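Asker: There's a structure below that I have some questions on.
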Amino acid sequence: MALAEWLRRNGISNRRAGQDGFIDVTYGQQQEIDMNRDRFEGNWKQVSGNVKEKWGRRTNDPQRELAGRRDQLAGRIQEGYGTSNEEAARQLKDFLDHNRNWWNVSNR
């Protein structure tokens, strides 16, 4: 009996679509694949945020520049912690909402 068949019979692996049909991956491998995908997406978000920020500077559009900075920060969170895009966006929104008026000491 092949290892993949034994794993399948004992419910240790799940099936994931690959280019040549299906390949077997364990739960731990699946989590690692998902985390690597999230880190790659975070890295891509940083690059696209950098381009957006520079385009905002070039066109003198402060809103686009700030959106680019926000995308870069969300990408750093996503890449650093391997979180999903939605989770990184939620964490960033919570942080910004909590610290919106950090200089105003009377609200503390």
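Asker: What does the charge count near residue 89 come to, summing +1 for each Lys or Arg and -1 for each Asp or Glu among other residues with Cβ under 15 Å from its Cβ? All intermediate terms of the calculation are to be shown ahead of the outcome.
Answerer: On the way: positive: 45, 69, 70, 76, 90, 93; negative: 38, 41, 71, 79, 86, 87, 94, 97.
Around residue 89, the surrounding residues sum to -2.
Asker: Along the stretch 68-84, what does the Karplus equation 6.51 cos²θ - 1.76 cosθ + 1.60 (θ = phi - 60°) give for ³J(HN,Hα), rounded to whole Hz, x for Gly and Pro?
Answerer: Taking θ as phi minus 60°, the curve returns x, 5, 5, 4, 5, 5, 4, x, 5, 4, 5, 6, x, 9, x, 8, 6 Hz for the stretch 68-84.
Asker: Hey, another quick one. Taking the Cα-to-Cβ direction at residue 44 and at residue 97 and moving 7 Å from each Cα, how far apart do the two end points lie in nm?
Answerer: 2.8
Asker: Further question on the same structure: According to a simple spin-label model (label point 7 Å from Cα along Cα-to-Cβ), what is the distance in nm between residue 35 and residue 63?
Answerer: 3.9
We did not get these values from a lab; they are worked out from the coordinates using the rules stated. As the structure is a computational prediction, the values presented were derived from the model and not from experiment. Ideal geometry is used to build each Cβ from the backbone, glycine not excepted, and the neighbour counts take in all protein chains shown.
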